[in-house]
Amino acid sequence: MNILQTASHRLLAAIANLLAEKGIASAQEVAHRIALTDAASPAQGARMVARAWLDPDYRALMLSDGTKAAEAEGIPMRGLPPLGVLEDTADVHHLVVCTLCSCYPRAVLGYPPFWFKSAAYRARAVRDPRGLLAEWGTVIPDTMRLRVVDSTADYRWMVLPQRPARTDGWDADRLAAIVREGDMIGVTFPAG
Amino acid sequence: MLSPGTHVRVRFDWPETRGPCHIRTPHFIRGAEGVVERHLGRFPNAEDLAFARPAALLDLYHVRFDQPAIWGEGRAGDALVIELAETWLEPT
Amino acid sequence: MGGVSKFICEAVDTESHALTDFDRQVDAIRQILGAKKVMSVDELRRGIEAIPEAEYHRLSYYQRWIRSIADNLLVRGVITEVELLAALERV
């Protein structure tokens with residue numbers, strides 16, 4: 001049998017031990033990295049979206065340089081892929097996919113959700129995007145053009161959704177609370 | 001460098017048939033014609049990075065394609081936008 | 001995977017699935033190997049693509065990752081097959 005076909009949990013344990021013995025990754029380093037990764041969540045992206053809805057200067061920064069906009073919200077971006085932000089308008093809706101693997105704006109949204117990594121999502125997003133969105137009950141009006149952004153290379157992409165009607169006068173915390181993970185990938189709209 | 005609005009064709013090439021490789025240009029877009037939206041920067045060639053080889057910096061572009069034209073189905077006006085390296089693009 | 005016909009009629013499981021400790025640990029090791037320039041994300045991807053298709057679909061997302069990580073560490077000579085076999089004996 002090919003050694004790579006070893007049961008995955010045994011392979012992980014053996015690799016983890018070897019990396020620790022060789023001084024490449026200690027158990028403490030791994031635990032620390034897990035804690036850092038667990039700390040990233042869609043709440044971070046939601047804060048950026050809410051701020052962009054309230055502050056035109058921040059919105060402009062976010063659209064021109066997503067990495068700087070994330071850093072301005074205290075999100076660590078150093079050494080991570082550049083972040084691009086796609087602006088939804090009354091005429092255009094964006095949907096993000098990675099057909100080749102599962103590139104995801106992890107720095108601002110955390111771990112990719114299960115569906116984003118699935119073969120069905122990756123296959124359908126580029127070929128039948130409107131049918132795919134129906135899985136979430138999301139209907140893009142006929143008057144709206146859809147732009148499907150395939151993260152094939154070095155950028156990571158998030159969507160800046162449209163601010164829902166009936167949110168006038170809301171503060172940043174209240175706005176951020178209605179922005180969900182899927183809204184920033186384009187499978188859903190923020191619920192006003 | 002290609003300026004926004006330049007019409008390009010993705011090379012119709014299948015390096016996979018010639019031996020081990022790692023290609024970041026999706027199968028479905030090879031041979032398709034699109035329009036450069038913008039230059040995204042210069043990044044090391046992933047086809048070399050994947051094998052831990054020295055990697056030259058390549059211009060990376062956001063290229064827009066008419067979505068129904070790719071599949072022969074879909075809604076007119078819908079688009080695919082894909083990150084593609086200069087080595088895969090030829091002006092038309 | 002873009003447009004691949006066999007998945008075009010497949011429903012998307014839109015539920016959230018909690019990650020396991022296994023998933024988190026593999027993810028963290030990948031990040032550390034990247035940060036320390038032991039293995040790039042492109043090498044991870046190459047290793048995932050090298051998994052035969054039948055096995056690819058049988059393995060979970062992070063099971064593919066640990067397999068690719070092991071593959072790449074062996075290819076790069078960071079670990080040897082003898083070391084890996086010995087380490088597997090001990091777990």
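The values are calculated or read from the model by the stated rules, or taken from the named source; none is laboratory data. Worth saying up front: this structure is predicted, and the values here are computed from it rather than measured. All Cβ positions, even for glycine, are placed from backbone atoms using ideal geometry, and neighbour counts span all protein chains on display. The accessibility values were calculated without ligands, DNA or RNA, using every heavy atom of the protein model including side chains. Shrake-Rupley method; radii C 1.70, N 1.55, O 1.52, S 1.80 Å.
Which of the cysteines found in the protein assembly as shown have nothing to pair with, since no other Cys Cβ lies under 4.7 Å from theirs?
A:101, B:21, C:9 - these cysteines have no disulfide-compatible partner (Cβ-Cβ under 4.7 Å) in the protein assembly as shown.
Taking the 0 to 90 degree range and rounding to the nearest ten, how far is the long axis of helix C:21-35 tilted relative to the main principal axis of chain C, both from C-alpha atoms?
Taking the Cα atoms of chain C, the angle to C:21-35 is about 60 degrees.
Describe numerically, in nm with one decimal, the distance between label points set 7 Å from Cα along Cα→Cβ at residue B:92 and at residue A:64.
Those two pseudo-labels are separated by 3.3 nm.
Which longest run of chain C has no exposed loop site in it, a site being trypsin sites (Lys or Arg not before Pro) in a DSSP loop with at most 15 other beta carbons within 10 Å, and the site itself not part of the run?
C:38-91
Roughly to the nearest percent, how much of the accessible area of the stretch B:7-91 is carbon and sulfur, given a 1.4 Å probe?
53
Could you give the dipole magnitude of the stretch B:7-91 about its Cα centre, charging the beta-carbon of Lys and Arg +1 and that of Asp and Glu -1, in debye to the nearest 20? Intermediate results must be reported in sequence, preceding the final value.
Values: 10 positive and 13 negative charges, 25 e Å.
That gives a dipole near 120 debye.
Filter the chymotrypsin sites (Phe, Trp or Tyr not before Pro) in the stretch B:6-62 to those in DSSP coil with at most 13 other Cβ atoms within 10 Å of their Cβ, and list the result.
On the way: sites: B:12, B:28, B:51, B:61; in loops: B:12, B:51.
Here the chymotrypsin sites (Phe, Trp or Tyr not before Pro) that fit, given the DSSP loop and packing criteria, are B:12.
How big is the dipole moment of the protein assembly as shown about its Cα centre under a simple scheme where the beta carbon of each Lys and Arg is +1, that of each Asp and Glu is -1, and everything else is neutral? Debye, nearest 20, please.
380
Restricting attention to the stretch B:24-92, which GluC sites (Glu not before Pro) occupy a DSSP loop and are surrounded by at most 14 other Cβ atoms within 10 Å?
Passing sites in the stretch B:24-92 are B:73.
Summarise the accessible area of chain C (1.4 Å probe, protein heavy atoms) by the percent that is carbon and sulfur.
53
For the interface of chains C and A, what total accessible area is buried with a 1.4 Å probe, rounded to the nearest 100 Å²?
4700
Quick check on the protein assembly as shown: of the DSSP beta bridges with both residues there, what percent are antiparallel, nearest 5%? Let's see the in-between values first.
Values: 21 of 36 bridges.
Bridges in the protein assembly as shown are about 60 percent antiparallel.
Among B:54, B:70, B:36, flag the residue with its Cα farthest along the positive direction of the charge dipole of the stretch B:7-91, charges on Cβ as +1 for Lys/Arg and -1 for Asp/Glu.
Highest projection toward the positive end goes to B:54.
Going by a ≥ b ≥ c, the root eigenvalues of the Cα gyration tensor, does the stretch A:22-83 fall in the rounded group (a/c under 1.5), the prolate group (a/b larger than b/c) or the oblate group? Mind showing how you got there, number by number?
On the way: a/c = 4.75, a/b = 2.40, b/c = 1.98.
Prolate.
Using only Cα atoms, find the angle between the long axis of helix A:27-39 and the longest principal axis of chain A, and express it within 0 to 90 degrees, rounded to the nearest 10.
10
Give me the dipole magnitude in Debye, nearest 20, for chain C about the Cα centre, with unit charges on the beta carbon: positive for Lys and Arg, negative for Asp and Glu.
The calculation lands at about 320 debye.
So who's got an amide H within less than 5 Å of the one on residue A:149, skipping anything under 5 residues away but keeping other chains? H placed 1.01 Å off N, in plane.
Under 5 Å from the amide H of residue A:149 lie the amide H atoms of A:95, A:96, A:97, B:81, each far enough along the sequence or on another chain.
Taking only DSSP H segments of four or more residues, each worth -39500 (n - 2.57), what value at 222 nm results for chain B once the sum is divided by all its residues, to the nearest 500 deg cm²/dmol?
Computed mean residue ellipticity for chain B: -1500 deg cm²/dmol.
As a quick test, which of the pairs A:22/A:68; C:6/C:37; A:117/C:6 have an alpha carbon distance above 25 angstrom in this structure?
The answer is A:22/A:68; C:6/C:37.
Taking the solvent-accessible surface of protein heavy atoms with a 1.4 Å probe, what is the per residue accessible area of the protein assembly as shown in Å²?
Accessible surface, normalised per residue, equals 44 Å².
Using a 1.4 Å probe on protein heavy atoms, which residues of the stretch B:6-40 have at least 30 Å² less accessible area in the complex than alone?
B:22, B:24, B:26, B:28, B:38, B:40
Between helix A:42-54 and chain A, what is the angle of the helix's C-alpha long axis to the longest principal axis, kept within 0 to 90° and rounded to the nearest 10?
Between helix and principal axis, roughly 30 degrees.
Take the solvent-accessible surface of the protein heavy atoms, probe 1.4 Å, and return the percent of it on the stretch A:119-163 that carbon and sulfur atoms account for.
44
Quick check on chain A: helices-only [θ] at 222 nm, where DSSP H runs of length 4 and up contribute -39,500 (n - 2.57) each and the sum goes over total residues. Nearest 500, please. Write out the running numbers ahead of the final one.
Numbers: 10 runs with 83 residues, N = 192.
Taken over chain A, the calculation gives -12000 deg cm²/dmol.
List the longest stretch of chain A that has no exposed loop site; here a site is one of the trypsin sites (Lys or Arg not before Pro) assigned by DSSP to anything other than H, G, I, E or B, with at most 14 other Cβ within 10 Å.
On the way: sites that count: A:22, A:78, A:166.
Longest run free of exposed loop sites: A:79-165.
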